[in-house]
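Asker: I'd like to ask you about the structure that follows.
The values are calculated or read from the model by the stated rules, or taken from the named source; none is laboratory data. Treat the numbers as computed from the prediction; the structure is a model and nothing was measured. FYI the Cβ positions are ideal-geometry reconstructions off the backbone, even for glycines, and counts take in every protein chain you see.
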Amino acid sequence: MSAKFLATLSLAALIGGPLPAQPRPDAPPPGRDAPADKDPDVAAASAVEDAQPKRGAVTVAGRSIAYTATPGTLTIRNEEGEPIASMFYVAYVADRAKGARPRPVTFTFNGGPGSSSMWLHMGSIGPVQVQIADTTTTAPAPYRIVPNRFSMLDKTDIVFLDAIGTGLSRPIGRAKVKDFASVDKDIDAFARGIIRYLTIANRWDSPKFLFGESYGTLRAAGLAYALQQRGVQMNGVVLLSSILNYGVRQPGYDQIHLTYLPTYAATAWYHDRLPNRPATLEPFLSEVRQWAIGPYANALAKGDALPDAERDAVARQLSAYTGLSTDYLIRSDLRVTLSRFRKELMRDRRRTVGRLDSRFLGIDADPVGEDPEYDATDAAISGPYVGALNSYLFGTLGYRTPLSYRPNFYAELGGANWNQGHAAPGGRGGGAAMALANTALDLSAAMRQNPYLKVLSLNGYYDMATPFFGAEYDLGHMQLDRSLRGNLTFRYYEAGHMVYVKPAVMPLFKRDLDAFYDSATTAP
């Protein structure tokens with residue numbers, strides 16, 4: 001073992017970072033690992049844990065914070081001790097004085113399912129971020145990667161984790177990507193990865209947080225309970241742009257139409273498509289919420305028995321809230337799907353609105369089509385994020401690996417390939433039954449069993465992928481005891497799915513996270 005490696009080991013141990021294994025070579029020795037499947041990129045993954053630390057510093061709230069950034073891998077093993085996956089992570093661990101109290105550690109991930117943690121890593125709470133244009137397409141490379149003065153590193157160490165099959169995480173041994181393509185297998189893999197990190201980094205005594213975005217919120221809610229059952233008690237869970245309940249999205253059920261209405265209204269308000277546009281979003285959206293769960297819900301519940309007069313009255317009010325014509329709404333049976341709304345709202349201007357952030361506008365070749373041809377948000381921001389992640393990880397941090405970074409892996413992990421079944425804790429009448437996942441029930445169980453657990457729900461008004469009213473519904477149906485309801489907090493921003501892409505939101509985002517972390521780490 002080289003002197004240079006021993007020096008690196010001592011440094012990482014001193015600051016509380018993960019103990020690094022010797023960096024692996026550019027290509028694995030023949031026969032070291034059995035190919036996991038036919039993909040040569042997967043076959044190159046290794047069961048040998050890796051860590052390649054590098055020093056950095058960032059200034060937050062006027063204070064310079066020195067830290068160690070460690071890209072590396074965690075080997076996940078099954079109950080028989082066989083390696084089944086290599087989970088990639090990038091950990092940011094701030095220096096702390098000898099004898100100081102353990103710092104909090106936050107495990108952070110995006111969703112998809114099938115997305116790496118690239119978005120949160122390069123845009124939200126880490127020490128660096130890529131600069132992008134707000135609501136318009138960012139110009140091509142070179143991209144600007146700048147220090148993030150709104151980083152959470154002053155409050156918590158941060159570990160970004162990539163789901164198996166995404167980023168640089170891969171199945172190994174006899175495992176295949178499809179073995180992790182389910183709600184429960186994914187939760188189990190993350191639980192094992194987090195426990196492994198706590199062990200090698202000696203962080204068992206640190207306050208612990210989960211931070212999930214999009215499908216990552218469904219994962220985080222399930223993880224909070226799964227980890228607790230394995231003896232890992234969490235201090236807090238941050239849910240950014242939530243989807244917790246697959247059940248309400250089944251065809252034939254009306255809840256999803258109620259869920260989308262306030263976001264439709266916010267979008268129509270933003271683009272000035274309302275016949276009588278209010279001056280501000282609130283209390284307008286509160287009014288829309290109340291109408292959605294009242295007259296609108298009652299009308300939809302009547303189904304084909306809805307009287308014509310009531311149908312016409314509901315259509316008129318729906319038009320006032322959405323900017324769509326009453327004729328279109330009646331022909332749509334008062335139920336406008338997301339893709340149709342995105343196409344119809346700005347049809348007269350030959351524009352579509354974005355799914356991830358409805359402030360963004362797209363241009364279709366076919367203006368009379370039924371659905372948008374692409375998501376204007378995704379098209380506008382993916383290039384900068386993908387380019388910045390690769391430049392930062394392999395350039396600035398100098399990480400060495402034979403693998404290529406997968407921003408997403410939807411071909412294997414998305415859509416019909418993903419098993420949405422999940423057994424909620426307990427169940428009624430004895431035993432849990434497998435059903436479409438609703439991990440708000442897992443989070444509820446975790447909060448009842450750990451009354452100190454706090455949850456922060458962060459939402460963008462213009463998020464059409466995971467609408468804020470859906471988060472309110474799912475989290476509002478956890479059947480929490482009154483004594484625990486104060487542990488759940490909601491915050492909102494005039495932004496979309498990735499609220500952090502809007503520069504003006506970042507000070508508010510940081511303010512709300514600071515308050516949450518302070519409350520969740522204060523001794524009772």
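Asker: Quick check on the range 19-42. Is at least one of its residues at pLDDT 50 or above and in contact with a strand residue (DSSP E or B) (Cβ under 8 Å, 6 or more places away or on another chain)?
Answerer: So far as the range 19-42 goes, yes, one or more of its residues are at pLDDT 50 or above and in contact with a strand residue (DSSP E or B) (Cβ under 8 Å, 6 or more places away or on another chain).
Asker: The conditions are (1) surrounded by 17 or more Cβ atoms within 10 Å (Cβ to Cβ); (2) touching a Gly at 6+ places or on another chain (Cβ under 8 Å); (3) assigned by TED's automatic domain parsing to the domain that holds Ala47; (4) outside any helix (DSSP H, G or I), and Leu403 fails exactly one of them. Which is it?
Answerer: Evaluating Leu403 over (1) surrounded by 17 or more Cβ atoms within 10 Å (Cβ to Cβ); (2) touching a Gly at 6+ places or on another chain (Cβ under 8 Å); (3) assigned by TED's automatic domain parsing to the domain that holds Ala47; (4) outside any helix (DSSP H, G or I) leaves (2) as the failure.
Asker: Still on this structure, please answer the following. Do we find that Asp134 is assigned to a helix (DSSP H, G or I), assigned by TED's automatic domain parsing to the domain that holds Ala51, surrounded by fewer than 24 Cβ atoms within 10 Å (Cβ to Cβ) and not hydrophobic (A, V, I, L, M, F, W, C) in this structure?
Answerer: It is false that Asp134 is assigned to a helix (DSSP H, G or I), assigned by TED's automatic domain parsing to the domain that holds Ala51, surrounded by fewer than 24 Cβ atoms within 10 Å (Cβ to Cβ) and not hydrophobic (A, V, I, L, M, F, W, C).
Asker: Here is a list: Ile187, Ile125, Ile158. Which entry is assigned to a helix (DSSP H, G or I), out of contact with any Pro (no Cβ under 8 Å at 6 or more places or on another chain) and β-branched (Val, Ile, Thr)?
Answerer: Ile187
Asker: Test Ala388 against the stated conditions and say whether it is in the same structural domain as Ala141 (by TED's automatic domain parsing) and either surrounded by fewer than 20 Cβ atoms within 10 Å (Cβ to Cβ) or within 30 Å of Pro407 (Cβ to Cβ) (or both).
Answerer: yes
Asker: Say we look at the range 171-221 and pick out the residues that are closer than 21 Å to Leu513 by Cβ and basic (Lys, Arg); which of these is surrounded by the most Cβ atoms within 10 Å (Cβ to Cβ)?
Answerer: Checked the range 171-221; the qualifying residue surrounded by the most Cβ atoms within 10 Å (Cβ to Cβ) is Arg219.
Asker: Within the range 250-299, work out how many residues are of a type outside the set (A, V, I, L, M, F, W, C), touching a residue at least 24 places away in the same chain (Cβ under 8 Å) and in a helix (DSSP H, G or I).
Answerer: 11
Residue-by-condition table, conditions (1) within 30 Å of Asp179 (Cα to Cα); (2) touching a residue at least 12 places away in the same chain (Cβ under 8 Å); (3) not polar (S, T, N, Q):
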| position | (1), (2), (3) |
| --- | --- |
| Gly354 | no, yes, yes |
| Ser358 | no, yes, no |
| Ile363 | no, yes, yes |
| Ala376 | no, yes, yes |
| Gly387 | yes, yes, yes |
| Leu403 | yes, yes, yes |
| Gly415 | yes, no, yes |
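Asker: Filter the range 58-100 for residues that are in contact (Cβ under 8 Å) with a residue 12 or more places away in the chain, among the small types (Gly, Ala, Ser) and assigned to a strand (DSSP E or B) and give the result.
Answerer: Ala66, Ala69, Gly72, Ala85, Ser86, Ala91, Ala94
Asker: Let me ask something additional. Which residue, of Gly62, Gly111, is assigned by TED's automatic domain parsing to the domain that holds Val505 and under 23 Å from Tyr215 (Cβ atoms)?
Answerer: Within the list Gly62, Gly111, the selection yields Gly111.
Asker: For the range 165-194, which positions are among the basic types (Lys, Arg) and out of contact with any helix residue (DSSP H, G or I) (no Cβ under 6 Å at 6 or more places or on another chain)?
Answerer: The answer is Arg174, Lys176, Lys178, Lys185, Arg192.
Asker: So Ala320 passes all but one of these: (1) more than 24 Å from Pro251 (Cβ to Cβ); (2) in a loop (DSSP other than H, G, I, E, B); (3) among the hydrophobic types (A, V, I, L, M, F, W, C). Which condition number does it fail?
Answerer: For Ala320, the exception is condition (2).
Asker: In the range 231-240, how many residues are among the polar types (S, T, N, Q) and touching a helix residue (DSSP H, G or I) at 6+ places or on another chain (Cβ under 7 Å)?
Answerer: Selection size over the range 231-240: 1.
So that you can scan it fast, the table gives a plain yes or no per residue for (1) surrounded by 12 or more Cβ atoms within 10 Å (Cβ to Cβ); (2) more than 22 Å from Leu361 (Cβ to Cβ); (3) touching a strand residue (DSSP E or B) at 6+ places or on another chain (Cβ under 6 Å); (4) hydrophobic (A, V, I, L, M, F, W, C):
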site: Leu274; (1), (2), (3), (4): yes, no, no, yes
site: Ala297; (1), (2), (3), (4): yes, yes, no, yes
site: Glu310; (1), (2), (3), (4): yes, yes, no, no
site: Val314; (1), (2), (3), (4): yes, yes, no, yes
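Asker: Would you mind stating whether Asp357 is acidic (Asp, Glu), at pLDDT 95 or above, over 18 Å from Leu300 (Cα atoms) and assigned to a loop (DSSP other than H, G, I, E, B)?
Answerer: yes
Asker: For Arg491, state whether it is surrounded by 15 or more Cβ atoms within 10 Å (Cβ to Cβ) and either within 16 Å of Asp463 (Cβ to Cβ) or without any contact (Cβ under 8 Å) to a residue 12 or more places away in the chain (or both).
Answerer: yes
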